[in-house]
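Notes follow the structure.
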Amino acid sequence: MSTFTYVIYQNNARLEWLTDPDWRKAWQARTEAWNGYPHYPGNHPEYGWSTYNYHTDRTGICFASWQRPMLNVRIGYITYPHEELRASGLRHYPADHHLLSWLEAKGYEFDVLTDWELHHDGHSALKDYAVVLTGTHPEYHTRQTLDALQAYRDGGGRFCYLGGNGFYWKIALSKEQPGLLEIRRARGRHPCLGCGSRRVLQPARWRVWRALAAQWPPAPGAGRRRLHGARRFRRFLLPHQAGSASGSARCVDARRHR
């Protein structure tokens with residue numbers, strides 16, 4: 001489970017909540033109708049907002065910690081209120097919990113590993129498993145977590161990437177304060193340079209993993225760090241699906257049939 005990503009997004013007070021009264025009312029109505037988790041981070045700045053928000057002086061927030069309440073890391077927390085745009089409206093842990101519920105409902109035996117174990121135990125945390133699944137949004141990683149996943153995949157492990165926006169930003173962990181994370185974004189819609197070029201937790205370049213790919217061993221496939229070996233697939237339609245009278249299956253290019 002992508003616990004580093006959960007922490008980076010923890011208590012995210014979205015711009016829509018802060019600036020759009022209609023969006024705020026829609027979120028409240030959807031949450032009440034669905035019996036969702038009712039406490040929105042925008043109403044609770046006392047817990048500290050996310051690295052996608054800003055300090056009162058408009059500088060970016062660079063640090064996050066799981067040693068504080070995380071209002072949006074709750075089962076039933078709804079991120080987006082408009083079903084026609086965002087379907088269930090769930091994101092991060094609430095969305096990942098659907099996968100856990102599905103595995104339980106289907107009777108699959110499984111263990112839950114977090115980014116913390118992956119960072120500290122490396123490939124040894126994964127090597128005995130026949131299949132490893134990601135969650136829905138495994139975005140934030142350390143070098144150790146990416147190396148562990150790549151070693152598992154390159155060693156013949158079945159690695160299933162079930163997310164979007166994955167393996168993108170680089171973060172650092174504090175050795176002295178467990179649970180404290182640092183992120184510096186010099187680009188994108190949510191820059192958080194904080195104290196400029198000075199890195200507090202890790203003396204390394206702060207860029208997305210894609211931009212740092214030259215530092216790592218090459219890996220085939222697609223993705224932010226070319227980790228998961230994804231490629232275009234071809235699926236076959238059965239005769240009744242293809243509308244064919246000849247009884248033979250027809251191949252469809254997935255790029256034109258999504």
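The values are calculated or read from the model by the stated rules, or taken from the named source; none is laboratory data. On a predicted model such as this, the values are computed, not experimentally measured, just so you know. Here Cβ is always computed from backbone atoms with ideal geometry, including for glycine, and neighbour counts include all displayed protein chains.
Here are the numbers:
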| read-out | value |
| --- | --- |
| Identity of the residue in region 84-93, modelled with pLDDT under 95 and part of a helix (DSSP H, G or I), that ends up surrounded by the fewest Cβ atoms within 10 Å (Cβ to Cβ) | Glu84 |
| Region 44-75 - residue that is among the charged types (D, E, K, R) and in a loop (DSSP other than H, G, I, E, B) and, of those, farthest from Leu100 (Cα to Cα) | Asp57 |
| Extreme residue, surrounded by the most Cβ atoms within 10 Å (Cβ to Cβ), among residues of region 129-172 that are among the aromatic types (Phe, Trp, Tyr) and in a loop (DSSP other than H, G, I, E, B) | Phe167 |
| Residues located in region 57-68, provided they are under 19 Å from Trp17 (Cβ atoms) and free of Cβ contacts under 8 Å to residues at least 24 places away in the same chain | Arg58 |
| Given (1) surrounded by 17 or more Cβ atoms within 10 Å (Cβ to Cβ); (2) under 22 Å from Arg185 (Cα atoms); (3) not hydrophobic (A, V, I, L, M, F, W, C), index of the condition Pro81 fails | (2) |
| Condition check for Ser50: in contact with a His (Cβ under 7 Å, 6 or more places away or on another chain), closer than 20 Å to His137 by Cβ and touching a residue at least 12 places away in the same chain (Cβ under 8 Å) | no |
| Any chance Gly196 is assigned by TED's automatic domain parsing to the domain that holds Leu113, over 17 Å from Phe4 (Cβ atoms) and modelled with pLDDT under 90 | yes |
| Residues of region 1-36 that turn out to be assigned to a helix (DSSP H, G or I) and either on the phi > 0 side of the Ramachandran plot or among the aliphatic types (A, V, I, L, M) (or both), as a count | 7 |
| In region 98-126, residue surrounded by the most Cβ atoms within 10 Å (Cβ to Cβ) [restricted to those that are in contact with a helix residue (DSSP H, G or I) (Cβ under 7 Å, 6 or more places away or on another chain) and assigned to a loop (DSSP other than H, G, I, E, B)] | Leu126 |
| Qualifying residue in region 128-140 (condition: farther than 21 Å from Ile75 by Cβ, in contact (Cβ under 8 Å) with a residue 24 or more places away in the chain and polar (S, T, N, Q)) | no |
